[in-house]
Amino acid sequence: MTHAPVPTQTRRRVLPAGENGSLWEARPSCGIFGFRGMRLRLTVEDPAEVLFPTDCGLSLIAALNADMVPDLAGVNALDIGAGSGLYSVALLAAGAGRVTALDINPASATQTAVNVMANGLDSTRLTCVTSPLEEYTPDERFDLVITNPPHLPYDPSYARKDGLETALVARRGGRAVYDSVVERVDTLLAPGGTLLMAHSSLADIPRTVTELTRCGFEAETLEVFEMDIPLLAYAEHKETMLALLRERRAEGRAEFDGARFTVHALMFRRPGNATGS
């Protein structure tokens, strides 16, 4: 597979083809994952309402686990597209001072709170907000923003109105949330703050990196993961979705090989004196 020209690629992990959840330590009725010396559990009561985290989302946890960077102790963090609370749980367990879990899906707030409490974490340090990112107006900026945006292209033939679609499918060729994060980053991230992103190669990684570096961010690739495109939930519409992705690839806006793609764990640091553009 070819790779997007992102600076300082250091590690690449190839996940087995045809397997699911290979980054999970265990996944019987719930998921168990290790993070910075802790063993954490995640459950989803209704997979039709809230997506159980895929390897795409878990890849960022794995990359941060290997690097121990950035320091999470005491940070005030925003988890965009919180879903089941994977990142919120990990951040709080690692010592984040406060975490705001933002998701357009109202079922996310309940599931995130359940997972935070089930891991014995202080739920008073968690705030759940149900809102589209574009309409979210916090009264403060955050030390850290973390996100795994939906990255599959939208098509009316497989459109759904449930938590699965909000977690996996996005308009504008799968870039809607990526674009919103880039557009809102100056209003969300404090000077000197860090943006962490699990970025799919199906959604134009070079564009995101170019736009953020143009705004003064320093970009670093923590790790690259190769895995299967998550098509199981859309098995009946696999060819439609792949045809859309091939169009994106022909335009230079997606990279994949057959049914395999890459997820880049990206870290963007904002200089302390940045004012944005």
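Observations on the model:
- Rounded is the label for the chain, because the ratio a/c of its alpha-carbon gyration tensor axes (a ≥ b ≥ c) stays below 1.5.
- Given the chain, longest segment not containing exposed loop GluC sites (Glu not before Pro) (DSSP; at most 12 other Cβ within 10 Å): 141-250
- Contour minus Cα-Cα distance for residue 213 and residue 45 (0.36 nm per residue): 56.5 nm
- Length available on full extension from residue 158 to residue 11: 0.36 nm per residue minus the Cα-Cα distance, which gives 49.4 nm.
- Cα shape, the range 92-226, gyration tensor, a/c 1.5 rule: oblate
- Taking the chain and dividing mean pair separation by its residue count, relative contact order in percent (alpha carbons under 8 Å, at least six apart): 22 percent
- Where trypsin sites (Lys or Arg not before Pro) fall in DSSP loop in the range 242-274, at most 16 other Cβ within 10 Å: none
- Rounded to whole numbers, the Karplus 3J(HN,Hα) couplings from phi for the range 248-256 are 4, 5, 4, 7, x, 10, 8, 10, 6 Hz, using 6.51 cos²θ - 1.76 cosθ + 1.60 with θ = phi - 60°, and x at Gly and Pro.
- Global form of the range 92-140, assessed from the alpha-carbon gyration tensor, a/c cut-off 1.5: oblate
Each reported figure results from applying straightforward, stated rules to the coordinates on display, with no laboratory input. The model shown is predicted, which means the values in this text are computed figures rather than measured ones. Please note: Cβ atoms are built from the backbone with ideal geometry, for glycine as well, and neighbour counts cover all protein chains shown.
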